[in-house]
DNA sequence: AATGGTAGTACCATAATCGTACTATCTCCA
DNA sequence: TGGAGATAGTACGATTATGGTACTACCATT
């Protein structure tokens, strides 16, 4: 009669495995200076830029932390800040040309991960897994299926 | 044509939701001083104690980080270190009486989470989800199904 | 007994986290 | 129309987490 590993912890294992692979792929492609936390933030940036608070929300961190990370990414030349025409308070964090270079690498590795996982589970079970995970994510965070969730939200380091 | 949220990121969302609930439950029960990282470490402690390197491995952190966390937990009275009879080098990190107090709280919340998720997916799909997650975890970390994986490994903060 | 490996630890530099708090701007209603 | 209250960004600062290098004590195996 053993205690089972919780589902949440199993998700942690899967998530970390994927994240490790993406960060490793980035490092191998020459982006060795991108940290895990930075990658998680980058993952939330949309093509036409995203506000700091939105990034913080997506990465589940307070905006002060997001600010520090964006500052680092900006100093490293991956992102830039442009004014948000629709709101004078806001600024949009956007990928620079240099920052856009990480996209193909991250996406490629992410695609490989999905393929590997599908190799383990098969097409049908993989689809069921994604559907279930999606529903759970929605139930935990209803605000997730906001209009833009299905929109241009292009993950950067292969995530989000 | 929108980019899908990666499976890894969906797992992140689920994991964080679960972790947040457990940490919140602990805080509400009076264990407000337990941090996220500490909880993840506590989750890996077996009933009869666990070595530092094993804890580090389970939480996916280097042993130096694990050491710092254990030091903190020891100072706070949650764990103690006892010699490992089978190996003079090793010491076992074990829950104190005070530390064992967090167990019921964490397990209760974890149970509630599993129930909630099952409420969303239904029994059959929940079982399929766990099975799939488990297989992916195994494929990413084959060393996971070590003998003790099915043994007394009792998660502490509801996780493992 | 020698050799190579492992567990724990120390020291240290950096990164991440997050509280409090302030400014500029927006929104909406009285 | 004029605030009042909410929100975006930022600053400052304290604490925690992370992870490199390296050392000691102990184990295992030849």
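Tally up the residues in region B:85-105 that are under 24 Å from residue B:24 (Cα atoms), surrounded by fewer than 18 Cβ atoms within 10 Å (Cβ to Cβ) and more than 14 Å from every other protein chain (Cβ to nearest Cβ), please.
Going through region B:85-105 one residue at a time, the tally reaches 6.
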Mind checking which residues of region B:20-47 are at the interface with chain A (Cβ under 10 Å from one of its Cβ atoms) and within 12 Å of DNA strand D (Cβ to nearest atom)?
-> B:40
Quickly run through region A:26-43 and pick out the residues that are in contact (Cβ under 8 Å) with a residue 60 or more places away in the chain and closer than 25 Å to residue B:59 by Cβ.
-> A:26, A:34, A:39, A:40, A:42, A:43
Select from region B:26-47 the residues that are in a helix (DSSP H, G or I) and surrounded by 15 or more Cβ atoms within 10 Å (Cβ to Cβ) and write down the one among them that is nearest to DNA strand C (Cβ to nearest atom).
-> B:37
By residue number, the members of region B:106-127 that are at the interface with chain A (Cβ under 9 Å from one of its Cβ atoms), over 28 Å from residue B:34 (Cα atoms) and surrounded by fewer than 17 Cβ atoms within 10 Å (Cβ to Cβ) are B:119, B:120
Report whether or not residue B:23 is within 11 Å of DNA strand C (Cβ to nearest atom), free of Cβ contacts under 8 Å to residues at least 12 places away in the same chain and out of contact with any strand residue (DSSP E or B) (no Cβ under 6 Å at 6 or more places or on another chain).
-> no
All conditions in (1) touching a helix residue (DSSP H, G or I) at 6+ places or on another chain (Cβ under 8 Å); (2) in a loop (DSSP other than H, G, I, E, B) are true of residue A:88 except (1)
Criterion (more than 16 Å from DNA strand C (Cβ to nearest atom), within 24 Å of residue B:17 (Cα to Cα) and under 20 Å from the mean Cα position of the chain (by Cα)) met by exactly one of B:115, B:97 = B:115
Can you tell me which residue in region B:65-84 is nearest to the chain's Cα centre (by Cα), limited to those that are more than 19 Å from residue B:100 (Cβ to Cβ) and more than 14 Å from chain A (Cβ to nearest Cβ)?
-> B:66
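Among the residues in region B:4-15, are any more than 9 Å from chain A (Cβ to nearest Cβ), within 14 Å of DNA strand C (Cβ to nearest atom) and within 12 Å of the chain's Cα centre (by Cα)?
Scanning region B:4-15 turns up no residue that is more than 9 Å from chain A (Cβ to nearest Cβ), within 14 Å of DNA strand C (Cβ to nearest atom) and within 12 Å of the chain's Cα centre (by Cα).
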Got a number for residues in region B:48-84 being more than 9 Å from DNA strand D (Cβ to nearest atom), exposed (fewer than 15 other Cβ atoms within 10 Å of the Cβ) and part of a loop (DSSP other than H, G, I, E, B)?
-> 2
What single numbered condition from (1) assigned to a helix (DSSP H, G or I); (2) away from DNA strand D (no atom under 16 Å from the Cβ); (3) without any contact (Cβ under 8 Å) to a residue 60 or more places away in the chain fails to hold for residue A:110?
-> (3)
(1) away from DNA strand C (no atom under 15 Å from the Cβ); (2) under 24 Å from residue A:141 (Cα atoms); (3) within 14 Å of another protein chain (Cβ to nearest Cβ): which one isn't true of residue A:62, the others all being true?
-> (1)
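No value in this document is a laboratory result; all are computed from the given coordinates. Bear in mind the structure is a predicted one, so any value in this text is a computation, not a measurement. Quick reminder, even Gly has a Cβ in these numbers, built from the backbone with ideal geometry, and neighbours come from all protein chains shown.
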